[in-house]
1. Would you please put 164-171, 128-135 in order of how densely packed they are, using the mean number of other Cβ atoms within 10 angstrom per residue and starting with the highest?
2. Around G37, what is the net charge, scoring Lys/Arg as +1 and Asp/Glu as -1 over all other residues with Cβ under 13 Å from its Cβ?
3. For L161 and D45, what does the FRET efficiency come to when R0 = 25 Å and r is the distance between their Cβ atoms, rounded to the nearest 0.05?
4. If I model a spin label at R128 and A69 as a point 7 Å from the Cα along the Cα→Cβ vector, what separation in nanometres do I get?
5. Hey, what do the phi angles of region 86-100 turn into as Karplus ³J(HN,Hα) couplings, whole Hz, using 6.51/-1.76/1.60 and θ = phi - 60°, x for Gly and Pro?
Amino acid sequence: GQGMTATITSMDAAADAHALTLQGAKFTIVLNGPTAGDIPVQGKDVVHFDYTISAANNVEVRKINASFATGTIAGDDTALTDFKIVDVETGVTVAGPVDVSTGSAANGMSGGVTFSDVFTIKPGEAKRLRFTADIPLDWDTSDTIRVDLAAFTASQDLKNLDNNQFLVAADISPSTKV
């Protein structure tokens, strides 16, 4: 803090330091972006969330939940269209598309979209995915939206195909909303 000085004179013994070990889980999620910014009205395939998932085993992804929150979107604004998950490397749509009604997310409300399209990840594979959508013409510059990857439901959304068991929360990192 302000005006404080450290009084550490040396770090020459094990008791002077802490050891920290970081490791991934059986299923790991990494946020790539994007940062907050302006999105074009009537923009096509606008990236709302970019992330990488990787697995230590053959994992079947059975469900992905996107959560969203809006700011000032009017209830009569057109739906967010062509909302989908795209594999960045191949350009293939992995899940969706669906339209997201603004009537259920207008004026600071929040909601979610569940994608139940099934796909697999091989051991050691990293799959970079994006939530993309088309922005309607009637959205204006004061409209806001935030999209997140909702937490995976333990023992339900991710299945280890090597042992035919569902992943539990301890197998997923992070096991919360990203």
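Every number in this text was worked out from the coordinates using simple rules, so none of it is lab data. Just so you know, these numbers come straight off a predicted model, no measurement behind them. In this analysis, Cβ positions are derived from the backbone assuming ideal geometry, glycine residues included, and neighbour counts consider all displayed protein chains.
1. Numbers: 164-171: 14.9, 128-135: 21.9.
For the peptides 164-171, 128-135, the packing ranking is 128-135, 164-171.
2. Residues close to G37 contribute a combined charge of -1.
3. Values: r = 31 Å, r/R0 = 1.23.
Rounded to the nearest 0.05, the efficiency is 0.20.
4. 2.8
5. Result, rounded to whole Hz: 10, 6, 4, 5, 9, x, 7, 6, 8, 8, x, x, 9, 9, 10.
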